[in-house]
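Novice: Pasting in a structure now, in structure tokens, and then I'll have a few things to ask.
Please treat every number below as a calculation from the coordinates, not as lab data. Keep in mind it's a predicted model, so treat the numbers as computed, not measured. Counting neighbours? That spans all protein chains shown, and the Cβs are built from the backbone with ideal geometry, glycine included.
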Amino acid sequence: MAQFPATKRRRLSPLSTPKDEDSSPSTLEAESNDDYVVRGSRWDLEQDYEQRPRKLRRQEKESTRLPIKTSEGRIEQLVVPIIAEAKESESEPGFSGKDDDDAGDEQNEQNEQEDVPGLSPMQQIVEAKEELARIAGLLNEDPEANVGLFRSLAQLASSGNITVKKLALVTQLAVYKDVIPGYRIRPLSENDTKTKLSKEVRRLRSYEQSLVAGYQNYIQELMRLAKAGRGDSVGPDAASLSSVAISCACALLVAVPHFNFRVEILKVLVDKLSGKKVDDDFVKCRETLETVFRNDEDGTPSLDAVALLTKTIKAKHYRIDESVLNTFLHLRLLSEFSSKGSQNSIDRSDNVTNSVRGKKKLKVQKQFRTKAQRKIEKARKAVEKEFREADAAVSYEERERMQAETLKLVFVTYFRILKARSPRLMGAVLEGLAKYAHLINQDFFGDLLEALKDLIGHAESTDLVGGEYFDEDAGETDEVTQRNSVRESLLCTVTAFALLHGQDTPTSGLNLDLNFFTTHLYRILHSLSLNPDLELSAKSLRLQDPSNRSSSQQFKINVATTTVLLIRSLTHILLPSRNTRAVPPVRVAAFTKQLMTTSLQLPEKSCVAMLGLQTMVAKTHGRKIAGLWNTEERKGDGVFDPLRAEVEGSNPYASTVWEGEILRKHFCPRVREGVMALESVVRGLN
């Protein structure tokens, strides 16, 4: 038993040399003890233990997965080794205490290990979901302490598995939407890098720059994937990735329109809208732009979007879908902007000018201040200026300037399309001009009215073949562009009268001659009453006409029905406003007789609307049209000519409104009630 301790001591001592083999055991033991003490005093035992290589055994947990049935019909247990120690060490709270670069490198190595060929695609997806959930949780909990995980998300997005790539893109979207601050991060200048900062400020600045760098890489990846999915020869994987990238870009633009790289996100949407294919992604991009226009508070995102759209429309030679141009109708200019503008300049309104002048007069009244008071006032103004710059809210003057620039770009696009006479966009342009007519400068009225008259004349010319306009500039692969000349004529009429009604100055100062539009509307009333699609729009469901293939073409003007446009045009002509002259009695009588005749052919709803308009006209111009219902107290010479080109030359007082007797027997009760209401108003005037 006494030999066992001696054996331990001999293992710690150096091996004996051959010359010492003849020595006695006691002598060897004494020499070894002395030598061990001498050399042990010079050893660094802790350092030697620290540098000693470690070999840890990885404990494998037993798989708890259910058995699977193979294609051959055998039931087998799938054995998947799970490393417990590594996952537990990563989930510890002190895992993020390492440097960001080291954490990112370790994560990249782990991602590379996950893509080993031994794992099936389904196993890769499951492990990727767990890893993405873990990274997203850490970033949402404390993004400043886990900045390196942005790089880990980007690494997962570069996986070869399409499903993992989609999950990584959507996870990055959710993370960036949560961690992006409510202000724009500006790039650092040379002076900023040299300035001495505190530890907290330096940490925050480092986090912001890392966030912007990761966000920029993410936006560039979205742009690359969205562009790679365009074309007819693209595979299903690239198309699905492109759809996910476009959806992420749309969500980012709606959620964080104030943050950096907004123009790059807008390019993704505009590139999709410039294509010829109208699919789900196209509709999503268009609806996103409409949402941005409606929710824009300061006007900068709308200005950037309109600038990109107008530039793309011009570069494409106006070969885009007309619904893209209708997105301009969702701008907040219609409800907020009050100045007048054209394609060259913006005029400030009188109210704004007077208010500014009043403020300037108040500022002229100065008070005496000492030198100390002036110094304090100057410092206070400097602090207030810094607060205004740091505040997210934009001042009224800045927003008005942005909206003025946006309005100029919209007018430039509209007038260029009018000049180019693009058939596919003419209806949308006329709708936009009718909406923005109250914002057009008076100096531009003459040129605009001439363009509208030219459009009406062009609609009645020989270029109209079978009810359709053929685009001469369109290629062989383009579809035939269908244009409804009657609707475009009504839009021109509505736009012309809206120019007059939307102004603040009296009519005598404008000198606008709108008789051309009045006469044209009077001539087309009979043809309008025979239109079967009078109450239908592009969103209405209809059956295809088997005898006419061209009728299956969708309407390019889809904002209002033909009946609505007709009522709006007649309201402008027959019901005067403060900016219009008094309506001549002959004109009121001629339109009344024509409208009662056309009411016999109109559909039910249109007939009710027309009789309601006639009742309003009777209340306004009762004495001028009362003679049409009472022939005993009226003298008339000649014969009424309903097909006369001139309104005043039709001789309406030589006729009688006999259509009311037929409309009293109409099958619709609302039509019968409308006729009785109209006649009661006329009888009350006698």
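Novice: Using the Cβ atoms and a cut-off under 12 Å, what net charge is assigned to the surroundings of S243, where Lys and Arg are +1 and Asp and Glu are -1?
Specialist: That sum, taken over residues with Cβ under 12 Å, equals 0.
Novice: Which entries of K267/K385; K177/K284; K129/K276; K311/K385; K284/K316 have Cα-Cα distances beyond 28 Å here?
Specialist: Flagged as over cut-off: K267/K385; K129/K276; K311/K385.
Novice: Would you work out if the range 607-686 is rounded, prolate or oblate? Take a ≥ b ≥ c from the square roots of the eigenvalues of the alpha-carbon gyration tensor; rounded if a/c is under 1.5, else prolate when a/b is larger than b/c, oblate otherwise.
Specialist: prolate
Novice: Taking the range 164-250, which chymotrypsin sites (Phe, Trp or Tyr not before Pro) meet the DSSP loop condition and have no more than 14 other C-beta atoms within 10 Å? Walk me through the numbers before you get to the answer.
Specialist: Values: sites: Y176, Y183, Y207, Y215, Y218; in loops: Y183.
Taking the range 164-250 and a limit of 14 other Cβ atoms within 10 Å, the loop chymotrypsin sites (Phe, Trp or Tyr not before Pro) found are Y183.
Novice: For K340, what residues show an amide H to amide H distance below 5 Å, using hydrogens built from the backbone and excluding near sequence neighbours?
Specialist: For K340, the qualifying residues are D347, S349.
Novice: So, in Å, what gap is there between the alpha-carbon centers of the range 579-611 and the range 266-335?
Specialist: Spelled out, the Cα-based centre of one part sits 39 Å from the other.
Novice: Something else: Can you check what the net charge comes to around E659, using other residues whose Cβ is under 14 Å from the Cβ of E659 (Lys, Arg +1; Asp, Glu -1)?
Specialist: Charge balance in the 14 Å sphere: +2.
Novice: I've got another one for you. When Lys and Arg each count +1 and Asp and Glu each count -1, what net charge do the other residues less than 14 Å away from Y176, Cβ to Cβ, add up to?
Specialist: That works out to -1.
Novice: Exactly which trypsin sites (Lys or Arg not before Pro) in the range 590-649 are in a DSSP loop and have at most 10 other Cβ atoms within 10 Å?
Specialist: Those that pass, being in a loop and sparsely packed, are K635.
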